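As structure tokens, the structure follows; a few thoughts come after it.
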Amino acid sequence: MPQARAALIAAASAPYRRVGHYPYLHACSKLRVDPAFMTIVQRGLLTGRARLLDLGCGQGLLSAWLRAAHICHARGLWPENWPPPPTPISVHGIEMTPLDVERARHALLRPPPGDMKLEFVAGDIRSAELQPADAIVILDVLHYIPRPAQEQVLRRVRAALAPGALLLTRIGDAGGGLPYCFSTWVDKAVLLARGRGLQPLYCRPLSDWLRLLTECGFETQTIPMRAGTPFANVMLLAEAR
Ligand SMILES: C[S@@+](CC[C@H](N)C(=O)[O-])C[C@H]1O[C@@H](n2cnc3c(N)ncnc32)[C@H](O)[C@@H]1O
């Protein structure tokens, strides 16, 4: 398993070498320390979902990861006890920061990515067109959006999903005590470091997220994401009803 994990991280980070030192280091370190990416492949959370939307996709790490899973599986570097890797036919990423969109395109669209159609567009997920999808992923994005707009985004996401399709999202649990305070402190520090100034964050306790998702037409399961990290993060698997 450690060998498969190392191979995945190496294959997913490699395309960012040609983009620059920072995007490459960001890819290596985030993929190594963030449990979300391993959880997605080890639990097969996106397996069998053909059309994916990645909202707030940053520099495209999820696409890089899924592409790396495909490569590692084809090379026989895939543990037998893992579910088959996700093999989406398309991943459509929407991201507000144009520099990140450029980085994703530069890393992942040249050379062409084979059977998996990747696309990265600059846009605000509050207003961008959301194409019909089999799964929509929103990793660590919703808390940047003011509360009333969070609900609008979730309703638009629900409208893009047929019953049984999946919203996979990760939120910080505002009821999570000190680890939650640490998470928001890190988020604010990252925003400052990226030149965005002191922006407010719009967080909710887990119970509030679950209520909102129910109201928006989802049936939700939680996967705690705290183990091995200092954060109060929870992955939410929300199936469209
Ligand atoms: C913490 S990063 C996560 C990036 C990516 N989901 C990942 O896991 O690597 C949050 C991203 O959401 C983007 N974002 C925040 N609000 C957004 C919005 N309204 N529309 C599109 N992107 C947004 C930010 O620019 C940033 O790239």
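Things worth noting here:
- Subset of the stretch 59-94 that is open to solvent by less than 40 Å² (accessible area, probe 1.4 Å) and touching a residue at least 60 places away in the same chain (Cβ under 8 Å) - its residue that is farthest from Pro2 (Cα to Cα): Gly60
Each row is one residue, and each column tells you yes or no for (1) over 19 Å from Ala36 (Cβ atoms); (2) open to solvent by less than 40 Å² (accessible area, probe 1.4 Å); (3) at pLDDT below 95.
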position: Ala122; (1), (2), (3): yes, no, no
position: Ala149; (1), (2), (3): yes, yes, no
position: Ala160; (1), (2), (3): yes, yes, no
position: Thr169; (1), (2), (3): no, yes, no
position: Gly172; (1), (2), (3): no, yes, yes
position: Trp185; (1), (2), (3): yes, no, yes
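- Pairing each residue of the stretch 125-149 that is farther than 15 Å from Trp209 by Cβ and within 8 Å of the ligand (Cβ to nearest atom) with any residue that is among the small types (Gly, Ala, Ser) and at pLDDT 95 or above, provided the two are 6+ apart or on different chains, yields C-beta distances under 7 Å for Ile125/Gly56; Arg126/Ala149.
- Selected residue (criterion: farthest from Arg156 (Cα to Cα)) from residues of the stretch 105-124 that are aliphatic (A, V, I, L, M) and within 15 Å of the ligand (Cβ to nearest atom): Ala107
- Of all residue pairs spaced 6 or more apart or on separate chains, those with beta-carbon atoms under 8 Å, a first member in the stretch 213-241 that is within 17 Å of Ala174 (Cβ to Cβ) and free of Cβ contacts under 8 Å to residues at least 40 places away in the same chain and a second member that is open to solvent by less than 20 Å² (accessible area, probe 1.4 Å) and part of a strand (DSSP E or B) are Thr220/Leu236; Thr220/Ala238; Thr222/Val234; Thr222/Met235; Thr222/Leu236; Pro224/Val234; Pro224/Met235.
- Qualifying residue in the stretch 43-50 (condition: among the small types (Gly, Ala, Ser), over 15 Å from the mean Cα position of the chain (by Cα) and open to solvent by 10 Å² or more (accessible area, probe 1.4 Å)): yes
- Restricted to the stretch 1-90, the set of helices (runs of 4 or more DSSP H) holding at least 2 residues that are of a type in the set (Phe, Trp, Tyr) comprises 21-33.
The values are calculated or read from the model by the stated rules, or taken from the named source; none is laboratory data. Because the structure is a prediction, the values reported are computed rather than measured. For neighbour counting, all protein chains shown are included, and Cβ atoms are generated from backbone atoms with ideal geometry for every residue, glycine included. In case anyone asks, the SASA skips ligands and DNA or RNA and just uses the protein heavy atoms, side chains included. Shrake-Rupley method; radii C 1.70, N 1.55, O 1.52, S 1.80 Å.
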